[in-house]
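See below for the structure under consideration.
The values are calculated or read from the model by the stated rules, or taken from the named source; none is laboratory data. In this text the structure is predicted, and so the values were computed from the model without any measurement. Virtual Cβ from ideal backbone geometry, glycine too; neighbours counted across all protein chains shown.
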Amino acid sequence: MLIISEKDMNNTICIGEMIDSIEQAYHLYEQQAFQMNTRTHISLNSDTFLLMPCVANHFLGTKIVSVFPNNKNLPVTQGLMLLADGETGEAKAMLNGTLLTNLRTGAIGGAAIRHLAAPYTHSVGLIGTGVQGLYQLLAACHERDIQDIYLYNRTREKATVFSKDLKRRISPHIRIHTENKLDKVVERSDIIITATTSETPVLPNHSMIYNGKLIIGIGSFQPHMRELPDELFKETASIFIDTQDARLESGDIIDPIQNQWINESQVMPFSQVITEKIKPMIDPEKPTIFKSTGSALFDVVTAEAIYYKAIQKGIGQKIAL
């Protein structure tokens, strides 16, 4: 079995290749060329333990994830990814599941930007400066000529530390702004990304401020969680979801439908955009929403890509179990 550490993964694959892998996963999703049960949730107060198995591309993968929002000196999201041969069951690799989650979630957002953001997009705003937000911005900068990044976090000190880390990872010509007011982030950003574990909306509930913008929500993954405000749903023309499970898992889809702010027909699978079954009708006068709750399919396909790249480059540590 090959052990692929965080350092190994960073030396193996780039964010653009991860986005390409996510697009491959969408093709498999649309073809139903995979086997996967709904993820297993175990909730302990505000903490969540997730088990995410899937079989695809002749590989069997299982990701074990913990989401502990109140962690102080540890990542909120931590995990482990196991990859096995889908025909023999032989264990092939163990990957750092924390980085895999961050990379593939960033790549999911990157794929949305690749297909839904206007070509002239030059600014992006991030609400929630945790580690997942970092990879969202790296993917955004890969897909568009980003010139300005606007950051907001409830704890300003965290945003300042985040800004320094981000600056080391992106082009020096990109300007980074740490804002005190959410309204400024919304006003100045062509793309707005929410990356929090909030149970209540984190964006301003004002009308007519999101027109022409792409809103990417990647934080809420349970029915009681919400990141996006009521007015945004009332004004949007299109909502794209990464998988149909988002209809059942995220409060950002469940609540708007139940409250009739949107109708079912407005919620469309993003896989059909990737496979060109539908052409996204982007209205410059209305906001477009992309909502992700993640999927074990994305984990298996991206883990497979990393595994093969590691073998090609001779990266990782082989062990016998």
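Before moving on, here are some points about what is shown:
- Residues located in segment 228-245, provided they are closer than 19 Å to Ile113 by Cα and under 19 Å from the mean Cα position of the chain (by Cα): Leu228, Ser238, Ile239, Phe240, Ile241, Asp242, Thr243
- When segment 245-290 is filtered for residues that are touching an Asp or Glu at 6+ places or on another chain (Cβ under 7 Å) and free of Cβ contacts under 8 Å to residues at least 60 places away in the same chain, the ones remaining, listed by number, are Asp252, Ile257, Trp261.
- Just one of the numbered conditions (1) over 23 Å from Ile191 (Cβ atoms); (2) assigned by TED's automatic domain parsing to the domain that holds Ala237; (3) among the aromatic types (Phe, Trp, Tyr) is not true of Tyr150: (1).
- Check on Thr236, assigned by TED's automatic domain parsing to the domain that holds Gln35 and crowded, with 20+ Cβ neighbours inside 10 Å: no
- Selection from segment 277-308 of residues that are modelled with pLDDT of 95 or more, among the acidic types (Asp, Glu) and more than 21 Å from Arg247 (Cβ to Cβ): Glu304
- Taking the criterion of being aliphatic (A, V, I, L, M), part of a helix (DSSP H, G or I) and under 18 Å from the mean Cα position of the chain (by Cα), the residues of segment 263-321 that qualify are Val273, Ile274, Ala296, Leu297, Val300, Val301, Ala303, Ala305, Ile306.
- Filtered residue count, segment 77-132, keeping only those that are surrounded by 18 or more Cβ atoms within 10 Å (Cβ to Cβ), assigned to a loop (DSSP other than H, G, I, E, B) and out of contact with any Phe, Trp or Tyr (no Cβ under 6 Å at 6 or more places or on another chain): 4
- Taken across segment 151-164, residues that are under 25 Å from Ser21 (Cα atoms), of a type in the set (D, E, K, R) and not in a loop (DSSP other than H, G, I, E, B) do not occur at all.
- Selection over segment 166-209 of residues that are hydrophobic (A, V, I, L, M, F, W, C), farther than 20 Å from Pro75 by Cβ and in a helix (DSSP H, G or I) gives a count of 3.
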